[in-house]
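The values are calculated or read from the model by the stated rules, or taken from the named source; none is laboratory data. Computed from a predicted model, the values in this text were never measured in an experiment. Every residue, glycine as well, gets a Cβ built from its backbone with ideal geometry; the counts of neighbours run over all protein chains shown. Surface accessibility is based on the protein's heavy atoms, side chains included, excluding ligands, DNA and RNA. Shrake-Rupley method; radii C 1.70, N 1.55, O 1.52, S 1.80 Å.
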Amino acid sequence: MFAAVCRALLQERVLDIRYHSRSDNKVENRRIHPQKLIQYQINWYLVAFCELRKELRTLSMDRISILGMPDIPADILDPKKVKDHTESGFGIFAGKAENTAFLRFYQPNARWVKDEKWHKNQMTRWDGDTLLLSLPYNSSTELVREILRHGPGVKVESPESLKMEVVEALKKSLGNYEV
């Protein structure tokens with residue numbers, strides 16, 4: 001599968017795939033126009049224009065099954081558009097960053113986070129012994145996971161919608177325990 005994706009990228013050809021989405025557990029056949037292959041953390045992702053969705057998508061390589069590579073040239077998009085799709089917001093969930101998260105880290109987490117690079121456009125500043133971090137994001141899914149990883153060492157200052165997502169995730173987590 002990896003070799004077929006690389007061949008399609010190098011030859012600028014469309015791919016017919018079957019994609020099993022984690023978010024809704026649906027399996028769909030799609031025709032895609034491969035644009036870029038990226039590695040994020042320990043996984044590989046294919047950025048491709050999806051004819052079904054009529055937009056750029058970031059597809060997890062481990063969720064792709066190759067159905068075929070017809071002899072059809074792929075539409076290659078402007079590299080800036082692909083870059084904006086992949087680098088605008090926090091994490092692998094792509095798309096134009098339309099939100100900014102403001103997070104307050106308490107000690108000892110603040111000492112660790114001050115040296116971490118969450119996003120190329122992040123901003124940090126000390127406020128007493130707490131660290132304020134702001135960063136752009138589009139989808140909150142991965143950001144909420146990162147926030148939860150820091151437990152009581154972090155607080156979402158804004159936006160309110162992100163704060164409420166974290167609160168709901170914490171309530172669901174607590175519901176898994178009898179306390």
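Data for the structure
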quantity	calculated
Unit charges at the beta carbon, dipole of the chain: most positive-side option, Val14, Ser161, Tyr137	Val14
Per residue accessible area of the chain, 1.4 Å probe, in Å²	60
Cα-based reach from Lys83 at 25 Å (exclusive), listing lysines while leaving out same-chain residues under 8 positions away	Lys36, Lys54, Lys96, Lys117, Lys120
Most fluctuating residue given options Lys81, Lys163, Lys36, as computed from a GNM of the chain linking Cα atoms under 10 Å	Lys81
Distance in nm between pseudo-label sites at Ala3 and Ser158 (7 Å out along the Cβ direction from Cα)	5.4
Heavy-atom accessible surface of segment 1-61: percent carbon and sulfur, 1.4 Å	47
Accessible-area order (highest first, 1.4 angstrom probe) of the listed residues Ser161, Ser23, Ser60	Ser23, Ser161, Ser60
Within the chain, helix-based [θ] at 222 nm, where runs of 4 or more DSSP H residues each add -39,500 (n - 2.57), nearest 500	-8000 deg cm²/dmol
Calculated Cα Rg over 2.2 N^0.38 Å (choose from (1) 0.97; (2) 1.21; (3) 0.93), label	(2)
